[in-house]
Every structure is written in C-alpha cells, then in structure tokens.
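The values are calculated or read from the model by the stated rules, or taken from the named source; none is laboratory data. If you're wondering where the values come from, they're calculated on a predicted model, not measured in any experiment. Here the Cβ is made from the backbone with ideal geometry for all residues, glycine too, and neighbour counts use every protein chain on show. Protein only, heavy atoms only, side chains kept; ligands, DNA and RNA dropped before computing areas. Shrake-Rupley method; radii C 1.70, N 1.55, O 1.52, S 1.80 Å.
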Amino acid sequence: MDQNRTPLLDALLGYQKKQRVSFHVPGHKDGIVFPKKGKDTFQKLLSIDSTELEGLDDLYQPQGPILEAQNLLADYYQTGKSYFLVNGSTVGNLTMILSTCRAGDRVLVQRNSHKSIFNAVQLSQTNPVFLSPVIDEETELPVGITKKVVLEALDKYPDAKALILTYPNYYGMAAEDCQEVIETAKDKGLRVLVDEAHGAHFKLGQPVPESSLTFGADIVVHSAHKTLPAMTMGSYLHIHRDARDLTDSVEKYLSMLQSSSPSYPIMASLDLARHYMASIPERMLQRILAHIKQLESQLQEIPQIHVVTGEGYRYKRDPFKILLQSSSDVSGYMLQKRFMSYGIYPELADPMHVLLILGISDQLAYSTVPHIIKQALNDLPSRRRQPNGKKCMPEPMASLALNYDQMQHLTSIHRPITEAENGISAEDIIPYPPGIPIVLKGERLTDRSIEMIQYWRHAGARFQSGKAVQEGKISVFDL
C-alpha cells in the first residue's frame, strides 16, 4: 500500500474547508466558542476536532478514511488487523486480556508489567501466576523472563491459557530471550499477549530491536505517543496474521471500553505517525543515530553521572533512550530535580537512574544539553554508585494468596510497614513512574517485599497507592 497516504487527515482537512457553520457537537464549534485565554493556542487544532459526520467515518464501524488508515497501519506493521486506540495503551492492554482470557483461566504474567496489565487480570477474574524477570547486574533493573522460567511454570501449571509479556521494559531494554519465550509458549498452545508500549518504532531495523510481532505474538499493543509523533493517548493494537480468529472478540471489547466519542485529532495524529515512520529514509535514520551517539559521548564526560551504553545481560538496548546512573551519594530523584531546575525534563527517575527519551528526528537540538547538565550537577559528588541489590525481584514464580473473588468480601486495616510481614496486601504498591508494582493486591508480604517498599520510600518515590505507604503504613486484609 502507498504509505504516503494520510486518508483520515485528508478527510478532516476537507471537512474543515467545506463546513460553513457547525450545527453538531462538539460545543466549541470549530474553536469559535472558546475562552480567550487559550483560544490562540487551541483554535487550529479545534478546527479538526469533529465527530462522526458523513465522510469522516466511524471508529467502531469503519468503512471510509478510518478503515483505509487502519489498513495502512496493518500494512506497515505486517499484521492481520490493526486498530487506532484513543484511550492509550491502557485500553489496549485491557482489551487484549479480556478478549482472550476467561474467568478462572490460568495465565502466566511477567512480573515487571505495567499496572494496566494487573488491572486487566483482575477485571477478567483470571488466575495469575507471576513470573519474575532476570535482573541486569549493571543497572539492577528487571529485564525479561527466560525460557527456563516459562517451562518451569508450564510444568507446574500445564493448564495455563496465556502468557502476558512486557517488551521492552520502560527503560528500553529488549530481552533477547523474547523470541524463544514466545515460540516456546506458542508451541505449548498458549496465547501470547505483549505490552510493547515502548516499541512502536521497532520496525526501523538495526540497531533498533525487533518487534515481538515478528516473533509470533498474537496481540501486541503499542503506545504510539511514547516514541512516535502522535498525540498523548494515541496508541495501536495489532492482531497477528495467524490470530485473525480473535478479531471479533477484540472489536467487541474495544467498542465497550473506549470512548463512544473518539478524538479525531488523536486518530489523525496516529495516521500521520504511521506515515512518518514509513517515510524515514535510511540516511536520515543514520544521521539521527549519529547525533545520539555524539550526545552519549558528551554525557559520558560528566563525572557525576554514568551513561549506560552497553548491551547488557540478555537484552538489546533501544538507542532512542538514554539511561543515566547517579553517583553513589545522589539518587535519581535528586538528579531529576536538578535537571528540571535548569529546564531539562526527563521521562522518569528512580532511586538510581534518570531516563531520557529522544525523538526520532535529525532536527532536534541536543548540542547544548551536555553543557546544561554539567552546570546542573557541578557541585555534586562524582563517586560511582556500587550495586546494592535492593531491586531484587521476588521468587521466580508466585501466585496470589487470595483470589479476586475472596478479596471482594474482605475488609482491610492499616499496619506499620515494619509490622506487616506475612500479612496479605489489600492494595497494589506501585512507584510511579514507571508504574510497575512492587507488591500486588492479594500477595503475601515478605521480608524482601517490605525491604523493597522501604527502599523506594526512602529514595523519594511517589506511590500510586494512597497516602498510607507515604506515611509508613500499608493496607492489609483483616483476616
């Protein structure tokens, strides 16, 4: 197909040109009815913020420009079917699990998944078994699960129906075992569902890692807005060519879970993002990668930080992410605070790191960044942090102490974190970002999980679990 086509954007521009007066929603009337304070900023975009009018198609029964745009998307990613998502990858993760798993099904879940995966598991009332990934020694970050762990899980739980993976992790580490893991699960008859939120650009070719779509994953979700030039909440869901039997179920849940008033600007940006990626010439990609290499080299000269540049144990590195490690005396949160005070806003910080996500363009100005960061960190110590093992994951395989039905009928109480060992957590303990749970609701608290909670607390993490954890308490079921 002609990837230069942008059918949805073209349809919106045609509507913008033809319409004289709006007698339909939305109420801003092409941006005319809008507060003066923000009108100059919003008006151009609002002129294409339309609804399901004649000629603009319907996301849930596409027959015109949306259908053509989604067909172009499927052609680019070489899938059986691809869809625009206007409620982010969260709705994609909910859909791929609800459309393939039934209440009571045993599912294998990669432990370092996003909270939306665990929410989907809970909503589907499945019976999860959590598989812990290997830990990269240099960064102490969880990467991906191994074939060995999957085989051990299948030996213990031969009734498993699905394997749910996250690839790459938030930090851009793409597990080298992913293809082998997917092929192993498929050979055993499992559906393989992949949250590939940070891999929408994995079609670019070396040195960018490959997409799990090429490994045979049944459903893959991409956060287009994370790495492609798409608007926030714009994402993709893909069904593999060999999994077309899932189409009806996926479409049913997408129409149930997504807004009945999808954003046309978001969808048009998804159409454009696909076109942009398909149009990048090899010489431009090489220029972009050369600029990134130069930036990494300059950052390496700053003594207060260490740039993670190597391909670590069992993973390939996404070149569009730069991971900075702090010195021994300074947390990643402190580095982030210093960066922001000088006008540089990273993607995230954790107790040891700051993550920078780069744009896929040779027009971005990075030349002044090393000098600014050097200024921001000038008075900080430069000793290299030594690994301390605090990011160890739980046992290789774990299940919930209570199922979701049992949890619905229990009350909870607050206990001091230091006195909560052996209790069963009544909440997910999630430092955000990156939104990966330390403890899941229904899990028994161990000395290791309590140590991890305390480690993140004292480092300055923000938790998406109410105020209790911030105040040194944790919600447990009153048994």
E138 being at negative phi, part of a loop (DSSP other than H, G, I, E, B) and open to solvent by 10 Å² or more (accessible area, probe 1.4 Å) = yes
Scan the stretch 337-379 for residues that are part of a helix (DSSP H, G or I), small (G, A, S) and open to solvent by less than 80 Å² (accessible area, probe 1.4 Å) and jot them down.
-> A376
Which of (1) touching a His at 6+ places or on another chain (Cβ under 8 Å); (2) open to solvent by 60 Å² or more (accessible area, probe 1.4 Å); (3) not in a loop (DSSP other than H, G, I, E, B) is the odd one out, the single condition T232 does not satisfy?
-> (3)
Check D318, D271, D248 and return the single one that is surrounded by fewer than 17 Cβ atoms within 10 Å (Cβ to Cβ) and modelled with pLDDT of 95 or more.
-> D248
Can you tell me which of T184, T126 is more than 30 Å from I322 (Cβ to Cβ), buried (at least 21 other Cβ atoms within 10 Å of the Cβ), more than 20 Å from the chain's Cα centre (by Cα) and not charged (D, E, K, R)?
-> T126
Might you let me know whether the stretch 156-163 holds any residue that is part of a loop (DSSP other than H, G, I, E, B) and charged (D, E, K, R)?
-> yes
How about the stretch 81-106: which of its residues are of a type outside the set (S, T, Y) and part of a helix (DSSP H, G or I)?
-> G88, V91, G92, N93, L94, M96, I97, L98
Check L295 against each of (1) touching a Leu at 6+ places or on another chain (Cβ under 7 Å); (2) closer than 30 Å to A376 by Cβ; (3) at pLDDT 95 or above and name the one condition it does not meet.
-> (1)
Those residues of the stretch 359-376 which are in contact with a Lys or Arg (Cβ under 7 Å, 6 or more places away or on another chain) and among the hydrophobic types (A, V, I, L, M, F, W, C), in sequence order | A376
In the stretch 70-110, residue farthest from L56 (Cα to Cα) [restricted to those that are crowded, with 21+ Cβ neighbours inside 10 Å and either free of Cβ contacts under 8 Å to residues at least 40 places away in the same chain or charged (D, E, K, R) (or both)] | T90
Pick from the stretch 361-419, criterion at pLDDT 90 or above and of a type in the set (K, R), ranking: farthest from the chain's Cα centre (by Cα) | R415
Residue check: is Q61 assigned to a loop (DSSP other than H, G, I, E, B) and without any contact (Cβ under 8 Å) to a residue 24 or more places away in the chain?
-> yes
All positions within the stretch 12-49 that are within 30 Å of the chain's Cα centre (by Cα) and within 17 Å of L67 (Cβ to Cβ) | L12
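Residue-wise test of (1) of a type in the set (S, T, N, Q); (2) open to solvent by less than 40 Å² (accessible area, probe 1.4 Å).
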residue	(1), (2)
M1	no, no
P7	no, yes
K17	no, no
H28	no, yes
T51	yes, yes
Is it the case that L45 is open to solvent by 70 Å² or more (accessible area, probe 1.4 Å), in contact (Cβ under 8 Å) with a residue 40 or more places away in the chain and under 28 Å from I280 (Cα atoms)?
-> yes
Quick one: which residue in M334, M267, M284 is in a helix (DSSP H, G or I) and either out of contact with any strand residue (DSSP E or B) (no Cβ under 8 Å at 6 or more places or on another chain) or polar (S, T, N, Q) (or both)?
-> M284
Would you be able to say whether some residue in the stretch 422-442 is open to solvent by 80 Å² or more (accessible area, probe 1.4 Å) and charged (D, E, K, R)?
-> no
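Listed here are the residues, each with its yes/no results for (1) within 21 Å of L190 (Cα to Cα); (2) β-branched (V, I, T).
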{"site": "F84", "(1), (2)": "no, no"}
{"site": "L94", "(1), (2)": "yes, no"}
{"site": "I117", "(1), (2)": "yes, yes"}
{"site": "Q125", "(1), (2)": "yes, no"}
{"site": "E140", "(1), (2)": "no, no"}
Using the structure shown, decide if L299 is more than 20 Å from the chain's Cα centre (by Cα), over 20 Å from D350 (Cα atoms), open to solvent by less than 50 Å² (accessible area, probe 1.4 Å) and touching a residue at least 40 places away in the same chain (Cβ under 8 Å).
-> no
